[in-house]
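What follows is one structure encoded as structure tokens, with my remarks underneath.
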Amino acid sequence: MPPDEEVVDMAVNVRGKNIDVTPALRDYVEKKVVTITKQFKTVGDISAVMRVEKGQHIVEVTVPASGIVLRAQESTKDMYSSIDLVVDKIERQIHKYKTRLMKRKYNNFRDVTPVVASAKEEADDGEFKIVRNKKYVLRPMNVQEAVMQMNLLNHDFFMFFDADSEVVSVVYKRKDGDYGLIAPEMK
């Protein structure tokens, strides 16, 4: 190994739900995921969850790398195809992220004349268009009250000030009908 090459210490955690993860599947996931992580200086522990539901082979991969978290999920009739598709999706996310970084780095000035672009061009340039800005008062409440408020508003998520932990948190409705809680943690 050349002396200037940095060694990245990471682990690939492969788990299965409703499926036994064979050594062949584990090796395939590790080889595929390691190829996409070579583009980053630092990579955390990668999580790959494989499951089978109603004949569909679902793969979900989460990659914490260089201050961002990449996550993708794919579903097909074959586990290997799902792995290939999820890796392709993460590679596209990396490309979009790096393209956005390069645009910010080398395009610090706006054009003097405004350019009207079509909606398709705006979606492809990597910039996100904010179409609505909403402000509201955060009231202290517990998690159960926040879930109740979210259901009353018929929303999929609800941001609130958690009176117990004294931080801004988010509750959300999961696809399986249960609820999730996102709470910040300072490092």
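The values are calculated or read from the model by the stated rules, or taken from the named source; none is laboratory data. On a predicted model such as this, the values are computed, not experimentally measured, just so you know. A quick note on method: Cβ atoms are made from the backbone with ideal geometry, for glycine too, and the neighbour counts reach across all protein chains shown.
The figures follow:
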item	result
Tally of residues being under 14 Å from Asp162 (Cα atoms) and of a type outside the set (A, V, I, L, M, F, W, C) across the stretch 126-149	6
Count - residues of the stretch 154-187 that are in contact with a Ser or Thr (Cβ under 9 Å, 6 or more places away or on another chain), assigned to a strand (DSSP E or B) and of a type in the set (A, V, I, L, M, F, W, C)	5
Counted residues, the stretch 111-153 - those being part of a helix (DSSP H, G or I), modelled with pLDDT of 75 or more and surrounded by 11 or more Cβ atoms within 10 Å (Cβ to Cβ)	8
Single condition Leu25 does not satisfy, out of (1) under 16 Å from Lys89 (Cα atoms); (2) buried (at least 18 other Cβ atoms within 10 Å of the Cβ)	(1)
Candidate set from the stretch 55-105 (those that are part of a strand (DSSP E or B) and acidic (Asp, Glu)); member that is surrounded by the most Cβ atoms within 10 Å (Cβ to Cβ)	Glu74
Residue list for the stretch 46-92, filter: among the acidic types (Asp, Glu) and farther than 17 Å from Gly16 by Cβ	Asp84, Asp88, Glu91
